[in-house]
Amino acid sequence: MKFLRQRSRTSSASSTPVTVRSGVFDWRGHRLAYELYGDAAGVPCVLIHGILMDSVLNRDLARRFVQEGFQVALLDLLGHGNSERSTRVCDHRVDLYAEQAIGLLDHLRWPQALVGGVSLGAITALQVVERAPKRVSALFLEMPVMEASTPSAAVLLVPPMLVARFGAPLWRVFAHVLRRVPRPRTDWLASLMNGFSAEPENVAAILHGVFVGPIVPSFTARREIRVPTLVIGHGGDRLHVLQDARRLAEEIPGAHLLQARSILELRTHPESLWPQVSSFLHTEVLRRTGVAAKPPRKRAAALLGSSTRSKSNRTSRP
């Protein structure tokens, strides 16, 4: 495992316009929606949102990836965002979400792509690389939910599931009111509002379904992953325990670990983490593809190269 040091730095994403288009495709009789950022010359990348959220969550991240040399697809999983709704619990297993991501790769005719996501999106990406390792060029895993987080996840997610299932009339009124509230310009907040605006039957099915079937690949399967991997974790969060991020970075050979200061840092202050993310993308992903792209900032590259040489510079414990 390689540690990336975090340094605050004043920078901003390029203001260069990014081409965006929306699309839909059929997956086993269900209509799934996606957004595509950047042009076809970019290296393929799929980013997946968190539970109950949608592609809006990752829009700013997609624009940043495009500026680094990628073409990014943001997938709305079944039951989320603009994709078809389903109230069947069995439709919302994590392994089936992974099959949907593979279906998007097929639809876009991408032989291979960087696959990543946040929370549920991160563990979905892990399921993708287990099922179709040749389709994944790299992994971008933000706050994965694994063994250490699962007990807290159950405690935190079961109450809203019960409210949605047994208090459906009350939830329906709340969702109706929330749908009428104008969405803010802040992507993560707009995405969260979209999630809680869904009908209670759909919400209950999603929250129940993720606990049905496998959540993450086995320890043995994780040790067999052989693609460049960046794991981002943070402390002080019982739903995304930092121990899971650290353990995953240790289990995947050659993985890099980057510790954020908070759950929202990559969304609210991305400039403090982006030099390290950019360095990983260029040195571990773009360089391997042979794509000519702008070189990463020298300081970020130095951080990536020196992060394993000094234990005193490693991320702090939560």
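Since every read-out is calculated from the coordinates, none of them should be taken as a lab result. Keep in mind that this is a model prediction, so the values were computed, not measured. We place every Cβ from the backbone using ideal geometry, glycine too, and count neighbours over all the protein chains shown.
The table below gives the values:
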{"item": "Percentage relative contact order, segment 129-208, counting C-alpha pairs under 8 Å, at least six apart", "result": "34"}
{"item": "Residues ILE48, ILE215, ILE206 arranged by fewest to most Cβ contacts within 10 Å", "result": "ILE215, ILE206, ILE48"}
{"item": "Within segment 149-199, trypsin sites (Lys or Arg not before Pro) in DSSP loop having at most 12 other beta-carbon neighbours inside 10 Å", "result": "ARG180, ARG185"}
{"item": "Cα-based equivalent ellipsoid, segment 40-170: semi-axes from gyration tensor eigenvalues, Å", "result": "27, 15, 14"}
{"item": "Segment 138-270: proportion of alpha-carbon pairs further apart than 20 angstrom, %", "result": "57"}
{"item": "Candidates per chymotrypsin sites (Phe, Trp or Tyr not before Pro) in segment 90-170, loop by DSSP, up to 14 other Cβ within 10 Å", "result": "none"}
{"item": "Candidates per GluC sites (Glu not before Pro) in segment 126-188, loop by DSSP, up to 16 other Cβ within 10 Å", "result": "GLU147"}
{"item": "Total formal charge among the other residues, if their Cβ is under 14 angstrom from that of SER152, Lys/Arg +1 and Asp/Glu -1", "result": "-2"}
{"item": "Relative contact order, percent, the chain [alpha-carbon distance under 8 Å, six or more residues apart]", "result": "23"}
{"item": "Relative contact order of segment 20-61, defined on C-alpha pairs under 8 angstrom at six or more residues apart (%)", "result": "28"}
{"item": "Per-selection Rg to Rh, segment 37-86 - Cα, Kirkwood hydrodynamic radius", "result": "1.03"}
{"item": "Debye intensity ratio I(q)/I(0), log10, the chain, q values 0.13, 0.15 Å⁻¹ (C-alpha model)", "result": "-0.92, -1.25"}
